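So the structure is just underneath, and the comments pick up after that.
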Amino acid sequence: MAIISSPKGTHDLIGNEGRAYAYISDTCGLVAAVYGFDPLLTPIFEANELFARGVGDATDIVRKEMYVFTDKGNRLMALRPEGTAGVMRSIIANKLYATNDLPLRYYYSGPMFRYERPQLGRYRQFHQFGVESVGSTSIMADFEVILLAIHMLNALGLDNITTKINSIGKKEARDAYRAALKKYYEPHLKDVCPDCKVRYEQNPLRMLDCKVPSDVELAKKAPTITEFLTPQDKNDLEFIKYSLNQYGISVEVDYGLVRGLDYYSGIIFEFAYIPPSGKDYGAIGGGGRYDKLVEELGGPSLEGVGFAFGIERLYHILNEEGKLAHTEIKDDFIIIGMSEKARHTVYGLLTTLRADGLRGIMNFEDKSFKSLFKIAENRGARIALILGEEEMKKEVVAVRDLKTQEQVEVPFDQVVNHVLVSCRHNHECGCGCDEEDCDCDEHHENHECCGEEDCKCHEGEEDHECCGRHKHDENHECTGKGKGRGVNCKKHNTEKTDTNETK
Ligand code: AMP
């Protein structure tokens, strides 16, 4: 029978890749939470009209890339091509704006769908993590979300971030700029690509973003938005640039920057990661301010600002740059039952070890020792627990250290304890190493004190109430190190604040 392949432009997330996606999304979520953002997760399909009105009829996304279908109730629906419109729909439908606690701060994560030509880093189903800050006209809101984006990237271990910003002004500025662009492009219309001919009529700003080489050259000589910006728009750009510089974040003002969604107005921005090798990974994500979107979708007059990261792009960068090793999980043990009877005997051990949080499997079928040890090796297991006829008779389990190949016989009633002690330095670590003097913060934060003299655990020395995450590094000072760079240590941070306040 013919094999069914996954739809063109989609990909399966298998094993560690799936784990890495969850890690990227969770890490961004933890940083967003510190900034006061809450999740707002919307359906992956919505009324087609939401995107036609929200994202814009003239955008490539709505014109060419939407997955539109009629459901059994004859409603025209669409798979979401982006996250902002759905979040705005929810804010309006649930009257979330009826509060004086503005701006609303929400984040989302999940799959998006665009019928694009698949290529490296460009898929038809891809994932985004995004945030929206809705209900403030202050430039502080723009600054906050840009800073948040950079802190998320830092928390993922990416430091060399290039941030490009521009302003596309308010409607009046854009209208005047559109007219100027039309004037500029008019004599060249016969030479531009068919898409740009449509863009010329519907939204000439999008011509600046065309990837066709001859159109790229034309765009270079096109007038820029700068001359149409108001002094306020220019001040806003300067404010963002100056404020980010204050935090050591360099920003490039790029007057040619436009973004593919019609709802933007005012500040827009884009992030890229430039590794020490200089390799070009393309844009990680971007966003900007939207002033009319909520109103156009039937809500009150509220401005918002937000951005979205492409998780595929982030995964690609983190993987290429070797920054995902700690998300790879290895097994602690493998149980090898040499017969059906042995496997039944030892199943309780498997359950107990798993209940204790150790990761491992048992063979369900008879296989050769060689292939079972190969499986253990592939899964990175630390020890093998072997039960054959001989062991059953003696009521012992043969415990083999798969690194040193040393093997000992351990009585049934002592085997759980033996395995727990052997795996203690490894099991919650996630750094993947077996070293007892490993410097991985996670490793030392999470394991219980083993009582070893050279253990870095200072549990016994502490007299304050510890948050349990920075146990080993603290003498009441958060190191800020470790997964999430300290952001996931809520209790600890609160304690620090409390301490400062009482000083
Ligand atoms: P946008 O919603 O177009 O502003 O895109 C934000 C980010 O999502 C981009 O910078 C990419 O990282 C990612 N992205 C957009 N389209 C795709 C796609 N078709 N495949 C993979 N990632 C995408």
Legend entry - Residue within region 325-333 that is surrounded by 14 or more Cβ atoms within 10 Å (Cβ to Cβ) and more than 26 Å from the chain's Cα centre (by Cα) present: yes
Inset, instruction - For region 296-352, name all the residues that are of a type in the set (D, E) and in contact with a helix residue (DSSP H, G or I) (Cβ under 7 Å, 6 or more places away or on another chain). - result: E296, E328, D332
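Residue-wise test of (1) in contact (Cβ under 8 Å) with a residue 12 or more places away in the chain; (2) acidic (D, E).
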{"residue": "S339", "(1), (2)": "yes, no"}
{"residue": "I361", "(1), (2)": "yes, no"}
{"residue": "Q405", "(1), (2)": "no, no"}
{"residue": "E409", "(1), (2)": "yes, yes"}
{"residue": "V415", "(1), (2)": "yes, no"}
Inset, instruction - Scan region 146-159 and give yes if some residue there is modelled with pLDDT of 95 or more, small (G, A, S), within 16 Å of the ligand (Cβ to nearest atom) and outside any strand (DSSP E or B), otherwise no. - result: yes
Inset, instruction - Considering only residues that are more than 15 Å from the ligand (Cβ to nearest atom) and of a type in the set (D, E), look in region 279-311 and name the one that is surrounded by the most Cβ atoms within 10 Å (Cβ to Cβ). - result: E303
Legend entry - Qualifying positions in region 279-299 - within 15 Å of S133 (Cα to Cα) and not in a strand (DSSP E or B): D291, K292, L293, V294
Legend entry - E295 vs. criteria free of Cβ contacts under 8 Å to residues at least 24 places away in the same chain and within 20 Å of G83 (Cα to Cα): yes
Inset, instruction - Could you grab the pairs with beta carbons closer than 9 Å, sequence gap of 6+ or different chains, first residue in region 302-327 and among the β-branched types (V, I, T), second one within 10 Å of the ligand (Cβ to nearest atom)? - result: V305/G287; V305/G288; I311/F126; I311/H127; I311/Q128; I311/F129; I317/Y281; I317/I284
Legend entry - Complete set of residues in region 89-112 that are more than 9 Å from the ligand (Cβ to nearest atom) and assigned to a strand (DSSP E or B): L104, R105, Y106, Y107, Y108, S109, G110, P111
Legend entry - Odd one out for I335 among (1) touching a residue at least 40 places away in the same chain (Cβ under 8 Å); (2) closer than 30 Å to E132 by Cβ: (2)
Inset, instruction - May I ask you to list the residues in region 265-281 that are small (G, A, S), in contact with a strand residue (DSSP E or B) (Cβ under 7 Å, 6 or more places away or on another chain) and farther than 18 Å from F239 by Cβ? - result: A272
Legend entry - Test for R117: is it closer than 24 Å to Y21 by Cβ, at pLDDT below 95 and within 10 Å of the ligand (Cβ to nearest atom): yes
Inset, instruction - Go through region 338-352 and give me each residue that's assigned to a helix (DSSP H, G or I) and either basic (K, R) or in contact with a Gly (Cβ under 6 Å, 6 or more places away or on another chain) (or both). - result: K341, R343, V346
Legend entry - Positions within region 312-337 being more than 16 Å from the ligand (Cβ to nearest atom), of a type outside the set (A, V, I, L, M, F, W, C) and in a helix (DSSP H, G or I), in sequence order: H326, T327
Legend entry - Selection count, region 187-199, where residues are modelled with pLDDT of 90 or more and surrounded by 11 or more Cβ atoms within 10 Å (Cβ to Cβ): 7
Inset, instruction - Tell me which of these N166 doesn't satisfy, since it passes every other one: (1) at negative phi; (2) surrounded by 15 or more Cβ atoms within 10 Å (Cβ to Cβ); (3) more than 22 Å from the chain's Cα centre (by Cα); (4) more than 16 Å from the ligand (Cβ to nearest atom). - result: (4)
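The values are calculated or read from the model by the stated rules, or taken from the named source; none is laboratory data. These numbers come from a predicted model, not from an experiment. With ideal geometry, Cβ positions are generated from the backbone for all residues, glycine too; neighbour counts draw on all protein chains shown.
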